[in-house]
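The values are calculated or read from the model by the stated rules, or taken from the named source; none is laboratory data. As the structure is a prediction and not an experimental result, all values here were calculated from the model. As a convention, Cβ positions derive from the backbone with ideal geometry for all residues, glycine included, and neighbour counts pool all protein chains shown.
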Amino acid sequence: MQITEFLDKSGVKYEVLEHRPVFSAQRLAQIEHEPGRFVAKPVIVKADGRFLMCVLPADAKIDLETLKGQLDAESVELADEEDFAELFPDCEVGAEPPFGSLFHLETVMDKALEKDDHILFRAGSHTKAVRLNMADYRKLAHPRVLNLHR
């Protein structure tokens with residue numbers, strides 16, 4: 001399901017932004033003139049063999065050891081990019097929106113995003129992004145909130 005179709009069905013207000021192709025969350029922040037803390041960067045991890053979608057600010061790096069402790073997991077590692085095509089069939093590789101439930105994954109959001117009033121994220125492609133109210137994002141994504149970076 002396309003992210004805009006999902007948002008339309010949910011009845012929330014959002015804005016679609018089109019731009020030249022960008023391949024990192026930090027570049028998306030720059031091209032949209034948005035502070036990195038408002039740009040969501042999904043990071044896919046494998047915790048004890050199960051995939052999770054971790055959502056962090058663009059300017060943060062995931063701390064796998066901290067995540068491992070909070071999940072009480074034996075092992076946590078970054079997912080291989082080869083897994084992305086199967087996990088996110090409607091998306092360009094690396095452009096998945098931060099809604100794990102759309103892809104049968106649990107969503108874990110970094111606590112640093114909690115205080116923001118909105119969120120900006122890729123809409124399944126490297127040329128489109130979506131700006132959404134944070135309260136609506138949390139209502140739709142149902143993320144577990146943890147400290148994902150130091």
>> Being over 16 Å from P97 (Cα atoms) and either free of Cβ contacts under 8 Å to residues at least 60 places away in the same chain or small (G, A, S) (or both) is true for just one of I31, I62. Which residue is that?
In response: I31
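Against the definition (surrounded by fewer than 16 Cβ atoms within 10 Å (Cβ to Cβ), acidic (D, E) and at pLDDT below 95), how does D90 come out, yes or no?
Values: surrounded by fewer than 16 Cβ atoms within 10 Å (Cβ to Cβ): yes; acidic (D, E): yes; at pLDDT below 95: yes.
It is true that D90 is surrounded by fewer than 16 Cβ atoms within 10 Å (Cβ to Cβ), acidic (D, E) and at pLDDT below 95.
Being farther than 17 Å from A47 by Cα and buried (at least 17 other Cβ atoms within 10 Å of the Cβ) is true for just one of L102, L67. Which residue is that? Steps first, answer last, please.
Values: L67 fails: farther than 17 Å from A47 by Cα.
Checking each option against the conditions leaves just L102.
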> Regarding K111, is this residue closer than 20 Å to V12 by Cβ, surrounded by fewer than 23 Cβ atoms within 10 Å (Cβ to Cβ) and either out of contact with any strand residue (DSSP E or B) (no Cβ under 8 Å at 6 or more places or on another chain) or at pLDDT 95 or above (or both)?
Replying inline: no
> In the stretch 57-82, which residues are within 21 Å of V93 (Cβ to Cβ), assigned to a strand (DSSP E or B) and not hydrophobic (A, V, I, L, M, F, W, C)?
Replying inline: E77
> What pairs come up if the first residue lies in the stretch 134-150 and is within 13 Å of P98 (Cα to Cα) and in contact (Cβ under 8 Å) with a residue 24 or more places away in the chain, the second is among the aromatic types (F, W, Y) and surrounded by 14 or more Cβ atoms within 10 Å (Cβ to Cβ), and their beta carbons are under 6 Å apart, counting only those six or more places apart or on different chains?
Replying inline: A141/F99
>> Looking at the structure I just gave you, is A85 over 18 Å from A25 (Cβ atoms) and either crowded, with 20+ Cβ neighbours inside 10 Å or free of Cβ contacts under 8 Å to residues at least 24 places away in the same chain (or both)?
In response: yes
>> If D116 satisfies all but one of (1) within 20 Å of Q30 (Cα to Cα); (2) assigned to a helix (DSSP H, G or I); (3) among the charged types (D, E, K, R), what's the number of the condition it fails?
In response: (2)
>> If a residue must be without any contact (Cβ under 8 Å) to a residue 40 or more places away in the chain, touching a helix residue (DSSP H, G or I) at 6+ places or on another chain (Cβ under 8 Å) and among the acidic types (D, E), how many such residues does the stretch 88-113 contain?
In response: 0
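Against the condition charged (D, E, K, R), within 24 Å of D136 (Cα to Cα) and surrounded by fewer than 21 Cβ atoms within 10 Å (Cβ to Cβ), how does K13 come out, does it pass? Let's see the steps before the verdict.
On the way: charged (D, E, K, R): yes; within 24 Å of D136 (Cα to Cα): yes; surrounded by fewer than 21 Cβ atoms within 10 Å (Cβ to Cβ): yes.
Against the criterion (charged (D, E, K, R), within 24 Å of D136 (Cα to Cα) and surrounded by fewer than 21 Cβ atoms within 10 Å (Cβ to Cβ)), K13 qualifies.
Rundown of residues vs (1) of a type outside the set (S, T, N, Q); (2) under 16 Å from the mean Cα position of the chain (by Cα); (3) in a helix (DSSP H, G or I); (4) at pLDDT below 95, yes/no style:
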| site | (1), (2), (3), (4) |
| --- | --- |
| F6 | yes, yes, yes, no |
| K9 | yes, no, yes, no |
| E15 | yes, no, no, no |
| P21 | yes, no, no, no |
| L28 | yes, yes, yes, no |
| K41 | yes, yes, no, no |
| V45 | yes, yes, no, no |
| F51 | yes, yes, no, no |
| V55 | yes, yes, no, no |
